[in-house]
Structure formats: structure tokens, C-alpha cells
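These notes concern the structure reproduced below.
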Amino acid sequence: MTSPKCVLCDKKITKKNDTKEHLIPNAIGGRKKVKGFICKSCNNTSGDNWESELAKQLNPLSLLFGISRERGEAPSQLFETTGGDKLKLNVDGSMSIEKPTYSERPMEPGAGVQIQIRARSMAEAKQMLQGVKRKYPQVDLKESLNNAKSQYYYCPDMLNFNLSFGGHKAGRSIVKSALALAASSGIPARECTEATNYLRSDEAEACFGYFYEKDLIQNRPKGIPLHCISIKGCSKIKQVIGYVEYFGTLRTVLCLCESYEGPEISDTYAINPITGEELSLLVNLNLSNSEIREAYDYKKTPNGSIEAALGEVIPASMKAAFEKEKDRVLNEAVIYAFENCGAKEGEMLTPEHTKKLTSLMMERIKPFILHQLTQTRNRK
Ligand SMILES: [Zn+2]
């Protein structure tokens, strides 16, 4: 058997420069890998250029759905709220202020200044207070810290999500993923010239287009922001057709090869990026030439269809976020209440303790309940 050549640069793939290429990029939650497809250096370059652009464009969705990655976490991202504030959204669903704030306001003459600090953590507050102490040595650090309050608050505004995808970098990542699946299921990648030309040359025509006219996934599970790659090689029509969908929202069809002579082959790989678990999907790739052509020409994206696709998966993510936050709040409230109710470990709880426990728990849960109430009212 001759050793395979890199699909992107023709270098021989040896034990030394072979890499595991993710079928779906790791950055958006992909798991499965293929070997003997591209060389290590092409893997690095395409990762830095194509995958990172795709991941950047899809990052708001990675955060919104709280995807799990094999390596690393989806990076937190700053969003503007409808109220004009800036909030950082983290992949665990929490939000934090962009940066700490510090304000100094003179009180009545002779009464000194009032200082207000808003920090992202107690450690950061402490650090900032030490700075204050250098400026005003009379400040009592211990007392100030004791008076500091840690609180969760919910932003009453909504985040402005600006979602846009496209361009040739993200497009090449999509084409490469479909080609990797084709190669792993036995279609010689080098014969897929429509795909390889596009991956190798800036002048070549793009071989993918957006497709929303009908749902090609026959057994789409409800409410899952799924990732799916599917390919089909058919010698009767001499084509290798592909389908790549990310987050249930970005849906593309591809033609990897227009001169296919090999056997009938089809393969699909799909996952739920929230859990990483594999999904078994049926994809109908019986697309005509003209349908694919029209997808390339943006004619298969009816008005509002992208929003509708996104709308199908958002409610599930909101429900998951609610459950996650409810658990977090309850756990945190119980711990907080026990730590501060005055009872020592192992001690029997007195009626006084119980009363204190209840009120401390309510204190911690209240912002969450109020937030839910206002949200529900706003939706109505
Ligand atoms: Zn290479």
C-alpha cells in the first residue's frame, strides 16, 4: 500500500507528520477524528485560519448553548445589552461585568470622600481596596472588606446577539469537514477536485451554498442545536454531495466532486454539542444539480428561514439555562444559609437557627425569583 498524501499540500503522510483531524472542529464541540487525511503543518495552518474563523463566527451560539468541548472552553465574549451596558457571557451561562468600576465622590466639606467599588470577585475587591489604602492610609481595610457585599444580580436587559457567518475562511472549514468524512468512508479525497481546488486555491469557485428550502434531516430530533456532516457518493450522477449543518442553524450543501466513478457510498456523523453524544440521523441527499447550483447562488435561503432554524433550537437552550441556574442558586443558597445561620457543625438546629436559615435562603433566592417574574412579564 502506498502511503497517503496530504490532501492540501501533497506531502507524503508519514508516521511523523500524520495528525488526527477533527471531523467537526473541536472549537464547536467536535469529537471524532480522522487520520491520514492532511499533514500536521496543514492541520495547524487550516486550524489557525479556517477553523478559528468559523469558531469565532459561531462563538455566540457556543456560549448560548453552553457546549462542551474535548479540549478547552468556548471563550467568554462581550455583548452589548439592550440597555447599552456591556456584559461578558461565559460558557457556563453566567455573566460578568466587563471590568471593575471605581468612583470617588466628595461628601460635605470636611467629611471626606465616598468611594464605591464594583468588582467581579472578592479577591478583586480586596486588591482594589489595597490601592485605596495606599491613597488614603486612614482606610480600615478589614472593616471595609467586612462591609463588602457579594451579590448576584440579573441584568434586566437582553443581550444583543449579532450573528453573522460566511466568507471563504469559514467556508473552507466546512468543505474540509465534508471532505474528511468522505475520505474516512472510502471516497478518495484527491478525486474530489471541486473540493480540493477550493481548499487549495483562492481563485477556485466555492463549492458550497446555504440551504434552507426544505429540511434534509429526515428524523431531526426536536430542540437540539445539532452538528451534522453527511456525504453521498453516487456514480450514476457522477457526484459526491455533502451536507454540513452547525447548531441546527447554519445549513449548507456541497458538491465535492463532479466526476465520481466509485461505488455508492453514504455516511453521516452527527452530535449534540451540549453533551458531545453522537446522534443517529438520516439525511436525504437526493439533490439535483440545479438545486445545488441555486444554493450556491443564495436562492435556497427563503426570507426568515435562518431565523426560523435558530428559533427551533433557542427555547430548549433557554430551558436548559433556567434549570442550570435554578440548581446553582438553590445549592448556593443552602450552603450560604448553613454557613451563616449561627449553628455549629453537628449541632442540633434550634428554632432560632431554622428561622435564620429560612430567611438567609430566601435572601439568596429572591433575585432569581424576581428575575423570572420580570422575564415572564416581559415576554407577555
Ligand atoms: Zn499538508
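Nothing in this text is a laboratory measurement; each read-out follows from the coordinates by a stated rule. Treat the numbers as computed from the prediction; the structure is a model and nothing was measured. All Cβ positions, glycine included, derive from the backbone under ideal geometry; neighbour counts span all protein chains shown.
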When the stretch 71-91 is examined, which residues are found to be on the phi < 0 side of the Ramachandran plot, surrounded by fewer than 13 Cβ atoms within 10 Å (Cβ to Cβ) and either without any contact (Cβ under 8 Å) to a residue 60 or more places away in the chain or among the charged types (D, E, K, R) (or both)?
ARG71, LEU78, LYS86
Tell me, yes or no, whether the stretch 19-29 has at least one residue that is within 16 Å of the ligand (Cβ to nearest atom), basic (Lys, Arg) and part of a strand (DSSP E or B).
no
Search the stretch 156-180 for residues being of a type outside the set (A, V, I, L, M, F, W, C) and not in a loop (DSSP other than H, G, I, E, B), and hand back the single one that is farthest from ASP202 (Cα to Cα).
SER177
Look at GLU312 and say whether it is surrounded by 16 or more Cβ atoms within 10 Å (Cβ to Cβ) and of a type in the set (D, E, K, R).
yes
Could you list, in sequence order, all residues of the stretch 1-18 that are among the hydrophobic types (A, V, I, L, M, F, W, C) and within 11 Å of the ligand (Cβ to nearest atom)?
CYS6, VAL7, LEU8, CYS9, ILE13
Would you mind stating whether GLY242 is in a loop (DSSP other than H, G, I, E, B) and touching a Ser or Thr at 6+ places or on another chain (Cβ under 8 Å)?
no
Selection within the stretch 213-239 - assigned to a strand (DSSP E or B), touching a residue at least 60 places away in the same chain (Cβ under 8 Å) and aliphatic (A, V, I, L, M)
ILE217, ILE229
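Rundown of residues vs (1) out of contact with any Ser or Thr (no Cβ under 7 Å at 6 or more places or on another chain); (2) more than 30 Å from LYS20 (Cβ to Cβ); (3) among the aliphatic types (A, V, I, L, M), yes/no style:
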site: GLY83; (1), (2), (3): yes, yes, no
site: LEU87; (1), (2), (3): no, yes, yes
site: GLU108; (1), (2), (3): yes, yes, no
site: GLY112; (1), (2), (3): yes, yes, no
site: MET128; (1), (2), (3): yes, yes, yes
List every residue pair whose Cβ atoms lie under 9 Å apart, where the two residues are 6 or more positions apart in sequence or sit on different chains, the first residue falls within the stretch 45-56 and is in a helix (DSSP H, G or I), and the second residue, located anywhere, is among the acidic types (Asp, Glu).
SER46/GLU21
If we ask which residues in the stretch 263-278 are in contact with a Ser or Thr (Cβ under 6 Å, 6 or more places away or on another chain) and in a loop (DSSP other than H, G, I, E, B), their number turns out to be 1
Here the residues within the stretch 2-35 that are more than 22 Å from the chain's Cα centre (by Cα) and of a type in the set (Val, Ile, Thr) are THR2, VAL7, ILE13, THR14, THR19, VAL34
How many residues does the stretch 254-286 contain that are over 30 Å from ALA204 (Cα atoms) and polar (S, T, N, Q)?
3
Screening ILE97, ILE38 for residues that are over 22 Å from the mean Cα position of the chain (by Cα) and more than 25 Å from GLU277 (Cβ to Cβ) leaves only ILE38
Among the residues of the stretch 199-206, is any more than 27 Å from GLU98 (Cα to Cα) and in a helix (DSSP H, G or I)?
yes
What pairs come out if I take residues in the stretch 317-328 that are in contact (Cβ under 8 Å) with a residue 12 or more places away in the chain and pair them with residues that are surrounded by 15 or more Cβ atoms within 10 Å (Cβ to Cβ) whose C-beta lies under 6 Å away, six or more apart or interchain?
SER317/LEU64; SER317/PHE65; ALA321/GLY93; LYS324/GLY93
Which of the residues belonging to the stretch 30-65 are of a type in the set (S, T, N, Q), within 16 Å of the ligand (Cβ to nearest atom) and crowded, with 19+ Cβ neighbours inside 10 Å?
ASN43, SER46
